[in-house]
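The values are calculated or read from the model by the stated rules, or taken from the named source; none is laboratory data. Computed from a predicted model, the values in this text were never measured in an experiment. A quick note on method: Cβ atoms are made from the backbone with ideal geometry, for glycine too, and the neighbour counts reach across all protein chains shown. Surface areas here come from the heavy atoms of the whole protein model, side chains and all, with no ligands, DNA or RNA. Shrake-Rupley method; radii C 1.70, N 1.55, O 1.52, S 1.80 Å.
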Amino acid sequence: MPARKFADGEVVMGRWPGSVLYYEVQVTGYNDVTHLYTVKYKDGTELELKESDIRSQSSFRPRKSQSSSSSPSRRSTSRSRSRSPGRPGRGRRRSSSQSRERKEDKKKTVQETDLVLLVFFCLFKMNENNTRRYNGEPDSTERNDTSSKILEQKFKPDLDIQHVLDQYSLHSRREEKKKEEIYSEKKIFETVTTTEKASPKTKELEFGGRIGTFVLILFMPATVLYLLLMCKQDDPSLLNFPPTLPDWESLWETKVFGIILLWFFLQALFYLLPIGKVVEGLPLSNGRKLQYKINGFYAFVSTAASIGALLYFQFELTYLYDHFLQFAVSAAAFSMGLSIFLYIRSLRTPEEELAPSGNSGYLVYDFFTGHELNPRIGSFDLKYFCELRPGLIGWVVINLAMLLAEMKIHNQSTPSLAMVLVNSFQLLYVVDALWNEEAVLTTMDITHDGFGFMLAFGDLVWVPFVYSLQAFYLVGHPTAISWPAASAITVLNCIGYYIFRSANSQKNKFRRNPADPKLAYLKVIPTATGKGLLVTGWWGFVRHPNYLGDIIMALAWSLPCGFTHILPYFYVIYFICLLIHREARDEHHCKKKYGLAWERYCQRVPYRIFPYIY
């Protein structure tokens, strides 16, 4: 293992990635696996640099002026004096030759004097350009790789000036050769993430660390079971805690578990159908881009046709309601088995393919957060598939089963207005997610989080069985709602959906193509990392406008259940807590990445989710 050259706390000069400029930095850490130094710039930005990109401050001390013997006139005079002594009959020719040489030396001296002035002028312009370039303000949405090409064209004049400086440097040839070896780069503005060859160890543990994640592994299934048992009671008041625990036979049935497996593999079959486009995701830490098949909406249509065929042949979809607890337990057991499989296979995964948030070395923590970033079986991406398919589409099927169960139990020819509102609002949300499936490729779930128990349980159990809580509640506790109230709730849901969709669309279009003429009205200020932060539009209103739209829609989904019990509003409370947690993660990530620039952005956009409140 190579010896470490720079110690923690040492102040050195670090090269800014993708450029030839060195800045004063402080060494804060060293990774023994990747052999990368973590350094902190004066503006608070933290990056990882190779040892070859770090130099001691002593090598940047001003050099003494070179002796006059290195000047062209002195060199030419030395050459003339070093010739052989005067030969017979050549004295006059030699004196005229020396005269011509003196004239040429004088001309060269004038040219090089002009060149020195040009060099100092170029240095001044470079310093002025760099000052303007790195004193930008932040925004809340990152540029993608396309922005690097734009910045490369923008900074090309400075690079040409640097080439002039290198070509006409007055340093010795040995120093010039050493400088060329240090500054040589094949690509301009190559990002730090693409130079990393391995995923570093997770240093900052979330969710309470090892103890917190162990508690969550037990607490999450218990919460789902508690909510469903409370909804089954005649009086689902919180004062009736704890609910009556059912016997094992009412919680498990092998037939139900078989249906869960059939549902999972049916959705996998729809995913593998040769329909839909194939797109590339964001670059991984090794620079590679994975391909994803975008056909979630087609899978939804195929599922709807299959359910319609079952209803046509008189299949009782209310079977879902009658065995709802058993379906939830079976789905939880399947997600646990899948999580164990994912963790075991991740132990043989190359280091560079591990998740940056789930590589702590602690079994329980990595099992919960996900050890491998993108587990795949061939081209079948397990995390991407579970993110939108089985759980999200299953949520709609469960809602439909609850609607039919309400009509059957209460002998109604049509569903109640409250049930229609809940089904319609949540159907719109699911269809929107599947129609805009490509947008999920830029989320933290795909780009940052590994696939472990947290996402597996969340996608396959929490989404279908907790998000459908309002519909399940209305079956046993019908609520009458007037048409004016229904109209007001509909308007509220539309407002939330508009904020959610327009904010996400604005963000995704900007990430995919920041040079899009349709986004010319947006003000973009570059940061010191070469990427940009968006400070106008929805992202100049609050830092997370998509979260604001989510919360408004969640409230609209719960209002049709009335105000008799707080249980239907659990989803709203949970959603607010979840989004505040996500917002805190985003804040921490952006502050670490952008440093002082993120603080200036927070001053410009002070509200996080709720304007004038939070």
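Quick one: would you say Trp557 is more than 19 Å from the chain's Cα centre (by Cα), over 19 Å from Ser502 (Cα atoms), outside the structural domain of Ser237 (by the TED database) and surrounded by 20 or more Cβ atoms within 10 Å (Cβ to Cβ)? Step through it out loud before you land on a result.
Numbers: more than 19 Å from the chain's Cα centre (by Cα): yes; over 19 Å from Ser502 (Cα atoms): yes; outside the structural domain of Ser237 (by the TED database): yes; surrounded by 20 or more Cβ atoms within 10 Å (Cβ to Cβ): yes.
When the stated conditions are applied, Trp557 passes them.
Taking region 364-455 and the helices (runs of 4 or more DSSP H) fully enclosed by it, the elements with 2 or more residues that are polar (S, T, N, Q) and touching a helix residue (DSSP H, G or I) at 6+ places or on another chain (Cβ under 9 Å) are at 417-435. Residue count for region 223-278 under the criterion of being in contact with a Leu (Cβ under 7 Å, 6 or more places away or on another chain) and farther than 17 Å from His323 by Cβ: the result is 3. Residue selection: Gln314 satisfies the criterion of being more than 22 Å from the chain's Cα centre (by Cα) and not in a helix (DSSP H, G or I).
Out of Ile275, Ile307, Ile260, I need the residue that is among the β-branched types (Val, Ile, Thr) and farther than 16 Å from Pro390 by Cβ. Which one?
On the way: Ile307 fails: farther than 16 Å from Pro390 by Cβ; Ile260 fails: farther than 16 Å from Pro390 by Cβ.
So the residue among Ile275, Ile307, Ile260 that is among the β-branched types (Val, Ile, Thr) and farther than 16 Å from Pro390 by Cβ is Ile275.
For region 253-265, the count of residues that are buried (at least 17 other Cβ atoms within 10 Å of the Cβ) and in a loop (DSSP other than H, G, I, E, B) is zero. Inside region 404-428, residues that are under 12 Å from Phe472 (Cα atoms) and either open to solvent by 30 Å² or more (accessible area, probe 1.4 Å) or among the β-branched types (Val, Ile, Thr) (or both) make up a count of 2. No other residue among Ser482, Ser502 is surrounded by fewer than 20 Cβ atoms within 10 Å (Cβ to Cβ) and within 15 Å of Val420 (Cβ to Cβ) apart from Ser482.
Condition check ((1) open to solvent by 20 Å² or more (accessible area, probe 1.4 Å); (2) not assigned by the TED database to the domain that holds Val397) across all residues:
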residue	(1), (2)
His448	yes, no
Phe451	no, no
Ala471	no, no
Phe510	no, yes
Gly532	no, yes
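Out of all the residues in region 572-591, is one or more closer than 18 Å to Leu227 by Cα and outside any helix (DSSP H, G or I)? No: zero hits. Quick one: would you say Arg288 is assigned to a helix (DSSP H, G or I), under 30 Å from Glu204 (Cα atoms), among the basic types (Lys, Arg) and open to solvent by 20 Å² or more (accessible area, probe 1.4 Å)? It is false that Arg288 is assigned to a helix (DSSP H, G or I), under 30 Å from Glu204 (Cα atoms), among the basic types (Lys, Arg) and open to solvent by 20 Å² or more (accessible area, probe 1.4 Å).
The set of residues in region 594-609 that are at pLDDT below 80 and not in a helix (DSSP H, G or I) contains only Gly595.
Against the definition (over 28 Å from Leu205 (Cβ atoms) and either β-branched (Val, Ile, Thr) or in the same structural domain as Pro283 (by the TED database) (or both)), how does Ile576 come out, yes or no?
The answer is no for Ile576.
Across region 20-40, the qualifying residues are those that are among the hydrophobic types (A, V, I, L, M, F, W, C) and in contact (Cβ under 8 Å) with a residue 60 or more places away in the chain, and the one among them that is surrounded by the most Cβ atoms within 10 Å (Cβ to Cβ) is Leu36. Is it the case that some residue within region 458-467 is open to solvent by 30 Å² or more (accessible area, probe 1.4 Å) and outside any loop (DSSP other than H, G, I, E, B)? Among the residues of region 458-467, not one is open to solvent by 30 Å² or more (accessible area, probe 1.4 Å) and outside any loop (DSSP other than H, G, I, E, B), which makes the answer no. Filter region 348-365 down to the residues that are of a type outside the set (Gly, Ala, Ser), out of contact with any strand residue (DSSP E or B) (no Cβ under 9 Å at 6 or more places or on another chain) and either under 20 Å from Gly209 (Cα atoms) or open to solvent by less than 50 Å² (accessible area, probe 1.4 Å) (or both) and list them by number. Once the filter is applied, which keeps residues that are of a type outside the set (Gly, Ala, Ser), out of contact with any strand residue (DSSP E or B) (no Cβ under 9 Å at 6 or more places or on another chain) and either under 20 Å from Gly209 (Cα atoms) or open to solvent by less than 50 Å² (accessible area, probe 1.4 Å) (or both), region 348-365 yields Pro356, Asn359, Tyr362, Leu363, Val364, Tyr365. Residues that are buried (at least 19 other Cβ atoms within 10 Å of the Cβ) and touching a Phe, Trp or Tyr at 6+ places or on another chain (Cβ under 6 Å) within region 562-598 comprise Pro568, Leu579, Cys590, listed in sequence order. Output the residues belonging to region 533-566 that are in a loop (DSSP other than H, G, I, E, B), touching a residue at least 60 places away in the same chain (Cβ under 8 Å) and among the aromatic types (Phe, Trp, Tyr). Answer for region 533-566, where residues must be in a loop (DSSP other than H, G, I, E, B), touching a residue at least 60 places away in the same chain (Cβ under 8 Å) and among the aromatic types (Phe, Trp, Tyr): just Phe541.
Does Tyr497 qualify as being outside the structural domain of Gly391 (by the TED database) and either crowded, with 19+ Cβ neighbours inside 10 Å or under 24 Å from Trp395 (Cβ atoms) (or both)? I'd like the intermediate steps shown before the answer.
Numbers: outside the structural domain of Gly391 (by the TED database): yes; either crowded, with 19+ Cβ neighbours inside 10 Å or under 24 Å from Trp395 (Cβ atoms) (or both): yes.
Taking the combined requirement at face value, the residue satisfies it.
Restricting attention to region 1-19, the residues that are of a type in the set (Val, Ile, Thr) and buried (at least 17 other Cβ atoms within 10 Å of the Cβ) total 1.
Does region 317-338 contain any residue that is open to solvent by 50 Å² or more (accessible area, probe 1.4 Å) and assigned to a loop (DSSP other than H, G, I, E, B)? No, the conditions are met nowhere in region 317-338.
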